[in-house]
Amino acid sequence: MAVDLHKLEHLVAVAEEGSFTRAAARLHLSQQALSTSVRALEREVGVELLDRGGNAVTARPAGQALIADARVLHGLARSAVQRARRIGRGETEVLRIGHTPAVTGDEITALLRQVHRTHPDLAPQVNQRYPHELTDQLLAGELDLGLCRAMAPAHGLTRSTLSEQRLHLAVSADHHLAGRDRVELGELAGELIVVWGHPGRSGYTDLLIDHCRRAGFEPRVHRNPIQGTPPVTAVLGTDQVAFVTASPGPAAGGQVRVLELHPPVFAPLHALWPHHTTCPARDAFLETAATPPAAAPEA
């Protein structure tokens with residue numbers, strides 16, 4: 001059977017709004033037209049997709065499954081139209097890249113330089129996105145590639161590991177550890193460790209916590225209240241410590257010291273992209289970025 005993307009869009013809107021009235025206003029449709037569209041979709045699928053009882057409209061299990069696939073289908077359709085339009089107009093392909101705050105600007109710059117040596121005509125457009133924004137925009141076809149750390153891929157996205165980067169420890173210049181060159185991981189048992197996501201809801205935070213547990217202690221963690229800032233700056237003006245990928249030595253104008261951490265622990269750099277989309281620029285980027293340069297600088 002043919003799938004009507006408009007009807008799927010109507011279903012998604014009702015489920016997200018929890019109300020036909022609010023969804024109709026969002027879609028600029030009459031409530032009757034929206035209800036008729038969703039009922040027609042349910043007849044085509046052959047099962048009820050929404051539970052209309054109670055104070056809010058909610059998706060039934062079949063509806064939840066269809067909605068998850070509908071978001072992917074809409075993104076695929078949008079990407080296909082944009083690609084055809086760009087080719088028809090003779091426009092240069094732009095690789096739209098998003099990265100989470102856990103991936104630093106220095107790392108992005110190093111990657112782009114590495115790729116540029118092999119593909120000098122590649123035209124990247126890079127912007128920082130929070131994890132939920134990254135997922136939403138990849139699925140919507142608004143980004144071609146996402147760079148992140150330990151994010152579980154949402155339904156409709158593919159994930160690959162580009163590299164593993166060694167973690168170090170950032171402390172403020174007046175911290176009691178700042179005069180040292182290296183720290184044993186087990187010594188952090190009494191320290192308050194800055195993280196960027198909530199435990200249990202952030203793959204990267206859970207990865208850092210797991211490193212500590214493997215070292216034999218349950219870490220005390222504090223979520224950074226100033227999101228989006230460079231990781232090394234998270235410890236400024238505090239007695240906290242942070243895991244970073246920056247190289248050992250002074251940072252943040254001398255206000256921060258980055259120390260070697262032993263035994264070595266690593267964090268993955270992951271790439272996310274939508275299933276079944278065509279993007280030669282992304283393919284070129286992934287092929288080159290996953291090939292380590294002869295002397296890759298640590299970000």
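On a 0 to 90° scale, report how tilted helix 105-118 is relative to the longest principal axis of the chain, with both axes built from alpha carbons and the result rounded to the nearest 10.
Helix 105-118 sits at roughly 80 degrees to that axis.
Report the local net charge at residue 278: Lys and Arg +1, Asp and Glu -1, summed over other residues whose C-beta lies under 11 Å from its C-beta.
-1
If I take R0 = 35 Å and measure r between the Cβ atoms of residue 140 and residue 166 in this structure, what FRET efficiency does the formula 1/(1 + (r/R0)^6) give, to the nearest 0.05?
Numbers: r = 34 Å, r/R0 = 0.98.
Result of the calculation: an efficiency of 0.55.
If I take R0 = 51 Å and measure r between the Cβ atoms of residue 77 and residue 226 in this structure, what FRET efficiency does the formula 1/(1 + (r/R0)^6) give, to the nearest 0.05?
0.85
Could you tell me how many degrees, from 0 to 90 and to the nearest 10, lie between the Cα long axis of helix 203-214 and the main elongation axis, the longest principal axis, of the Cα atoms of the chain?
Roughly 40 degrees, rounded to the nearest 10.
In whole Å, what is the distance between the alpha-carbon centres of region 60-80 and region 84-144?
Cα centres, region 60-80 to region 84-144: 23 Å.
So what's the angle, to the nearest 10 degrees on a 0 to 90 scale, between helix 31-45 and the longest Cα principal axis of the chain?
Value to nearest ten degrees: 90.
Within 11 Å, Cβ to Cβ, of residue 8, how many net charges do the neighbouring residues add up to if Lys/Arg are +1 and Asp/Glu are -1? Provide the component values of the computation, followed by the final result.
Working: positive: 7, 71; negative: 4, 9, 44, 69.
In short, -2.
Hey, for a label at residue 62 modelled as a point 7 Å past Cα toward Cβ, could you say which residues of region 28-55 have their backbone N under 12 Å away?
Only 41-51 pass the distance filter.
Search the structure for amide H atoms under 5 Å from the amide H of residue 270, placed 1.01 Å from N in the peptide plane, and list their residues when 5 or more places away or on another chain.
148, 149, 150, 162
Read the figures in this text as sums done on the coordinates, not as results from a lab. This is a predicted model, so every value here is computed, not measured. Counting neighbours? That spans all protein chains shown, and the Cβs are built from the backbone with ideal geometry, glycine included.
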